[in-house]
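Below is one structure, written out as C-alpha cells, with a few remarks after it.
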C-alpha cells in the first residue's frame, strides 16, 4: 500500500517500484484510474474501446469437468454481485437473484453440453438474454402470465442497455483478447460514465479469475502483481457492494498467491464506518505487509498517529507541507520522502530517482534537471504534462 497526497511523489514512487519488481513476475496488471501512468515496455489499453464480458471464463478449453464446474460457480457468483450495479439493492432481492441464478445455470448447462462436443465459446449477455426471453415469452411470442415471468421481465428491462443498448459495446460480446503479460488498463476516459465503477469491477473480477486459473494449472509457480492506482476513486463506504467487491478481489488475488498493491490519497477511506458501524475496507490495510506513507493530509495523519503513535520527527516527515516557491524540477527532487512500515516497525525513506529513471518516468523533469532532451520525451511522453 502506498499513501500520499497529490504531489507527494506517490505515482512516481509506485512506477519506480513496479519497474524494479516486474522481472520477478509472470504478469503485471495495472489499473490506471487517473490515466497518467506510462511505463516503457507495457501495453497501455484504453478501456473505453474494449469489451469486458462479465460472463467470461478463463482457459475454457483447458478446464477439466470439475474445474469447469468451479469456474461456472465462480462466474455466477461474480455476476450476481455485478448485477448490484444494474439493479439497486439487488443483493437483497432474493427472488430476483434466484431467477437470474436459474437462468445463468440454464445458459451454462448448454455451454457444458457444447464442450462435450469440443465446441468452446464463452457465454455473453446475449446468451443470457436468449434464455431470459425464452422464459418470459411463449413460443408464439406472447408473454408468459405468471409472477416469475413478471419479475424476470423487470430484470431483463434493466439489462437491456447492456445487451443491445448504450452500454453493450463495453460489456456484451467476447472479451477483447489482451496479448501481453505487462498491461496498463486506462480507465480515465470512462470517468464521466455511470458505469465507471462497474467497468473497474469487471476488470478486477476478470483479473482475479485469470490469476486463479493460471495460479492453479500446476505448470510452475505462477507469480502475478496487480496494482490499482488512485483506488480512493472507487472506495466509498456509502457504496457497500462496490466496497465488498474490492475487498473480495483483494483477498482472492492474495489467496491465489498473487501480490496486490494499491495507492491512495485518502487513507481515512479505509477506516470509514458503514451504517452498521463496521469498517469493511480496514482489512485491506491490516492485510498489507508493507506500507509506504509519503506526505499525507491532516485527517490521514491523525489516523496514522493513532495507529502507530508517531514521534514528532516522524510526523514532520509525512506532514503535508505545501511549497509553491520551488520550480518543477526542485519539487520533483524533493518528492518521495516518507515512512516505510513493516508491521508496526517503520523507517524513514526518500525514494530518489537516478538519471535513467527520470528519463523514462519523468522525461519532462529530466530535460530540466540534466539540460538535455530525454530519449523518451518525443517518442512516448504525450499523455500528460505532469504526474
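The values are calculated or read from the model by the stated rules, or taken from the named source; none is laboratory data. What you are looking at is a predicted structure, and each value in this text was computed from that prediction instead of being measured. We place every Cβ from the backbone using ideal geometry, glycine too, and count neighbours over all the protein chains shown.
Things to note:
- Flag: residue 23 does not match the condition of being assigned by TED's automatic domain parsing to the domain that holds residue 196, over 16 Å from residue 179 (Cβ atoms), over 18 Å from the mean Cα position of the chain (by Cα) and not in a helix (DSSP H, G or I).
- Among residues of the stretch 251-278, those that are modelled with pLDDT under 85 and closer than 25 Å to residue 90 by Cβ, counted: 10
- Residue that is surrounded by 14 or more Cβ atoms within 10 Å (Cβ to Cβ), in contact with a strand residue (DSSP E or B) (Cβ under 9 Å, 6 or more places away or on another chain) and within 22 Å of residue 209 (Cα to Cα), where the choices are 115, 178: 178
- Just one of the listed residues (178, 184) is closer than 30 Å to residue 231 by Cβ, part of a loop (DSSP other than H, G, I, E, B), out of contact with any helix residue (DSSP H, G or I) (no Cβ under 9 Å at 6 or more places or on another chain) and touching a residue at least 12 places away in the same chain (Cβ under 8 Å), and it is 178.
- Residue count for the stretch 291-321, restricted to those that are closer than 27 Å to residue 18 by Cα and exposed (fewer than 13 other Cβ atoms within 10 Å of the Cβ): 1.
- Residue 154 vs. criteria assigned by TED's automatic domain parsing to the domain that holds residue 97, surrounded by fewer than 19 Cβ atoms within 10 Å (Cβ to Cβ) and at pLDDT 90 or above: no
- Here the condition is being surrounded by 16 or more Cβ atoms within 10 Å (Cβ to Cβ), touching a residue at least 24 places away in the same chain (Cβ under 8 Å) and not in a loop (DSSP other than H, G, I, E, B); of 105, 122, 53, 29, it holds for 29 alone.
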